[in-house]
Amino acid sequence: MCLPGFPFATRSVLRRRLDQVGLGLAGLCALHCIATLVLVSALGLGGHFLMDEQIHRIGLVLALGVAALALGWGLRRHRRRLPFVVALAGLALMAGALMVPHGPREFALTLAGVGIVGAAHWLNLRAGR
């Protein structure tokens, strides 16, 4: 069955793609965190841009949106709650990172949250097979 507006995409393909986007966003976020640490700490470059709070807020909004679509859709399809619950824990850590000042705690909370959200998307992909 094809979705309206997506003539060549089945629902399962689209759901898988959303999880893959979620994994990609998690990877980009982790790369951003590590690049910020290296560039700002070691080289003193890019702090005004890389440490901007807007980047973190936008990333969290994107993560929330993709997770809600992909994991909510997965929950309806395969009825396994684990990916959804794991994602909630990771998103909570990411949101918590916005509430602490820049530094090691923020870095640790963000990376842990991103890793957990990535794991949730992976679990969702596995559950959908």
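Taking the options Leu109, Leu125, name whichever one is over 16 Å from Leu18 (Cα atoms), over 12 Å from the mean Cα position of the chain (by Cα) and not in a loop (DSSP other than H, G, I, E, B). Please lay out each step first, then the result.
Numbers: Leu125 fails: over 16 Å from Leu18 (Cα atoms).
The unique qualifying residue is Leu109.
The condition (being surrounded by fewer than 14 Cβ atoms within 10 Å (Cβ to Cβ), closer than 20 Å to Arg129 by Cβ and either at pLDDT 90 or above or under 21 Å from the mean Cα position of the chain (by Cα) (or both)) is satisfied by just one residue among Val21, Val13, Val66, Val61: Val13.
Among the residues of the range 73-98, those identified as in a helix (DSSP H, G or I), surrounded by 15 or more Cβ atoms within 10 Å (Cβ to Cβ) and of a type outside the set (A, V, I, L, M, F, W, C) are Gly74, His78, Pro83, Gly90, Gly96.
Within the range 23-37, residues that are closer than 15 Å to Ala120 by Cα have Cβ atoms under 7 Å from residues that are assigned to a helix (DSSP H, G or I) and of a type in the set (Phe, Trp, Tyr) in these pairs: Leu23/Trp122, counting only partners at least 6 apart in sequence or on another chain.
The values are calculated or read from the model by the stated rules, or taken from the named source; none is laboratory data. Nothing here was measured: the structure is a model prediction, and the numbers come from that model. Positions of Cβ are backbone-derived with ideal geometry, glycine not excepted, and every protein chain shown enters the neighbour counts.
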